[in-house]
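The values are calculated or read from the model by the stated rules, or taken from the named source; none is laboratory data. Keep in mind it's a predicted model, so treat the numbers as computed, not measured. For neighbour counting, all protein chains shown are included, and Cβ atoms are generated from backbone atoms with ideal geometry for every residue, glycine included. For accessibility, only protein heavy atoms count, side chains too; no ligands or nucleic acids. Shrake-Rupley method; radii C 1.70, N 1.55, O 1.52, S 1.80 Å.
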Amino acid sequence: QVQFVESGGGLVQPGGSLRLSCATSRTVFRVLPMAWYRQAPGEGREMIASILSGGDTNYADSVKGRFTISRDNDKNMVFLQMDSLKPEDTAVYYCATANRVYWGQGTQVTVSS
């Protein structure tokens with residue numbers, strides 16, 4: 001059952017930026033740790049960034065320094081700012097709870113010239 005709706009994906013050139021958004025109508029998620037995952041073709045799904053309800057964040061080494069996760073608990077939203085994008089960032093990006101129980105439907109990000 002889809003709990004989140006992601007938006008903001010698309011095609012971008014290497015070095016470009018995108019901002020992904022994740023929305024839910026359920027206020028319970030305000031107190032839960034949230035995360036962004038991605039799955040490239042032929043690969044497993046990996047967590048790339050997580051954020052606690054209070055704002056503490058953690059990043060995978062592959063995106064550290066380039067991606068920024070944030071959240072707006074008043075609006076029930078989580079964001080992923082992606083800068084300095086590389087072709088290897090091409091994947092379907094998912095918003096989910098950090099415990100992997102609740103997921104969005106995913107949004108495609110393609111980095112290509």
Checklist line | Total charge dipole magnitude, the chain, about the Cα centre, Cβ charges on Lys, Arg, Asp, Glu only, Debye to nearest 20 | finding: 220
Notebook entry, point to check: Fully extended, how many nm does the chain gain between R19 and D56 (0.36 nm per residue separation, minus their Cα-Cα distance)?
Noted result: 11.4 nm
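How much accessible area per residue does the stretch 1-107 have, counting only protein heavy atoms and a probe of 1.4 Å, in square angstrom?
Working: 5500 Å² over 107 residues.
I get 51 Å² per residue for this part.
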Notebook entry, point to check: When DSSP assigns beta bridges and you keep just the ones with both residues in the chain, what percent turn out antiparallel, to the nearest 5?
Noted result: 85
Notebook entry, point to check: When the chain is fully extended, how far beyond the present Cα-Cα distance does V31 get from K64, taking 0.36 nm per residue of separation?
Noted result: 9.5 nm
Notebook entry, point to check: So how compact is the chain: Cα radius of gyration and Dmax in angstrom?
Noted result: 13.0, 41
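Can you give me the % of accessible surface on the chain that is carbon or sulfur? Probe 1.4 Å, all protein chains present, nothing else counted.
Values: 2760 of 5820 Å².
Solvent-exposed carbon and sulfur of the chain make up 47 percent of the total.
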Check: To the nearest 0.05, what FRET efficiency results for A40 and D74 with a Förster distance of 35 Å applied to their C-beta separation?
Finding: 0.60
